[in-house]
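Heads up, the thing below is written out as structure tokens.
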Amino acid sequence: MAATIKDVARLSGFSVTTVSRALNGHSDVSEETRKKIMEAAQALNYVPNRVAQQLVTKRANAIGLYSLDRETFQNQFITLMIAGMMDEVTIHDFNLLLFATQRLQTAEEMIMQCRQRGIGGAIISGVRLDEAWLGDLPKVDFPLVVVDVPVQGPRATYVSVDNVLGAQKAIDHLVSLGHRQIGMINGHSGAWVSHQRLAGYQQAVRAHGLPWKESYVFEGDFSKESGRKGAEHLLKVNPELTALFVASDLMAVGALEQLQAMGYAVPEQISVVGFDDQDFAIHVSPPLTTIRQEMYTFGRLAARELIQMIGDPSYIPQHVDLPCTLVPRGSTGPVGRTRGCSS
């Protein structure tokens with residue numbers, strides 16, 4: 001006989017009301033209490049009756065998108081990914097449910113929430129490399145697709161763009177314009193894409209035989225303000241730099257503004273390349289040269305892969321790695337005469 005909520009209450013030692021509120025994510029339940037209740041529910045393999053009936057009679061017809069970054073849904077760039085997901089799930093007669101949360105205590109917590117709501121699989125965005133539960137994701141018995149973090153298991157995979165190649169394309173473009181001293185403003189180290197874009201930058205610098213030193217790289221945090229700070233720091237420490245590769249468009253706009261405030265003409269004296277191709281990239285002055293990610297396609301493929309896993313338990317998840325393209329605009333140009341490109 002299937003476990004009931006009363007069984008969970010009895011095993012955990014809490015009232016049915018408290019158990020119900022804990023399982024449904026109410027904030028008035030302490031983390032210690034919630035943990036004990038979740039452990040009891042997992043021990044009993046408890047699934048709410050309405051969901052259990054749905055899983056017996058038909059497939060789950062919803063997927064969940066979990067964002068661990070509270071600003072995700074304010075980001076126009078991410079809305080393109082969500083639009084792609086929505087179009088894909090509609091084709092397959094699925095629903096998409098959005099969840100915004102700063103932190104998940106455990107992977108099991110998210111999976112329990114999904115099962116309670118009749119969600120057959122989840123896409124997770126905004127995962128940091130230092131999440132304590134990240135190593136558990138490849139082992140879970142629940143369909144998962146992770147955005148921009150390498151997770152691979154029998155029921156889990158990830159989608160990403162080729163960040164290494166994107167960074168290499170940015171450096172190749174700058175080298176083609178005569179630049180040899182090229183700095184980088186990177187994202188924070190908790191993001192996998194930061195490591196990938198740094199690797200692409202370093203590989204391209206070595207491939208072209210360019211002069212390089214550690215001070216050519218500044219670690220930001222993907223914010224506009226960190227782009228400003230990065231540009232100021234890099235040019236003060238390394239005045240010989242004639243170009244900057246910036247790991248996001250938002251940071252690149254901050255860098256542009258700071259360079260102009262410092263009296264640099266862009267691109268006559270220094271060139272700037274971003275990464276993402278957000279809508280605002282074409283409206284800044286000068287328009288931003290950048291690496292384009294096709295986030296609408298990204299979203300569709302993530303949802304398609306997840307739906308495939310939900311529909312076929314024997315399906316082996318496939319990592320999806322999308323190409324990205326260089327979009328040349330006005331923020332890059334040949335090395336200016338007023339600033340030499342000595343090696």
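Observations on the structure shown:
- Within region 102-217, helices (runs of 4 or more DSSP H) holding 2 or more residues that are aromatic (Phe, Trp, Tyr) and in contact (Cβ under 8 Å) with a residue 40 or more places away in the chain: 192-207
- When restricted to residues that are farther than 14 Å from Ile78 by Cβ and out of contact with any Gly (no Cβ under 6 Å at 6 or more places or on another chain), region 248-270 contains 13.
- Count of region 1-17 residues which are within 28 Å of Ala100 (Cβ to Cβ) and modelled with pLDDT under 90: 2
- Top-ranked residue of region 218-260 - restricted to ones that are among the acidic types (Asp, Glu) and in a helix (DSSP H, G or I), ranked as surrounded by the fewest Cβ atoms within 10 Å (Cβ to Cβ): Glu225
- Under the condition of being aliphatic (A, V, I, L, M) and in contact with a Gly (Cβ under 7 Å, 6 or more places away or on another chain), the residues counted in region 147-175 number 3.
- Pairs with Cβ under 9 Å, 6+ apart, first in region 302-325 and over 13 Å from Asp141 (Cα atoms), second in a loop (DSSP other than H, G, I, E, B) and among the basic types (Lys, Arg): Gly311/Arg59
- Positions within region 145-168 being closer than 23 Å to Ile119 by Cα and among the acidic types (Asp, Glu), in sequence order: Asp148
- Which listed residue, of Ile119, Ile123, is at pLDDT 95 or above and under 21 Å from Arg304 (Cβ atoms): Ile123
- When each of Val145, Val175 is tested for being buried (at least 19 other Cβ atoms within 10 Å of the Cβ) and among the hydrophobic types (A, V, I, L, M, F, W, C), the lone residue that passes is Val145.
- Test: Ser189 is modelled with pLDDT of 95 or more, of a type outside the set (Asp, Glu) and more than 24 Å from Pro287 (Cα to Cα): yes
The values are calculated or read from the model by the stated rules, or taken from the named source; none is laboratory data. Worth saying up front: this structure is predicted, and the values here are computed from it rather than measured. All Cβ positions, glycine included, derive from the backbone under ideal geometry; neighbour counts span all protein chains shown.
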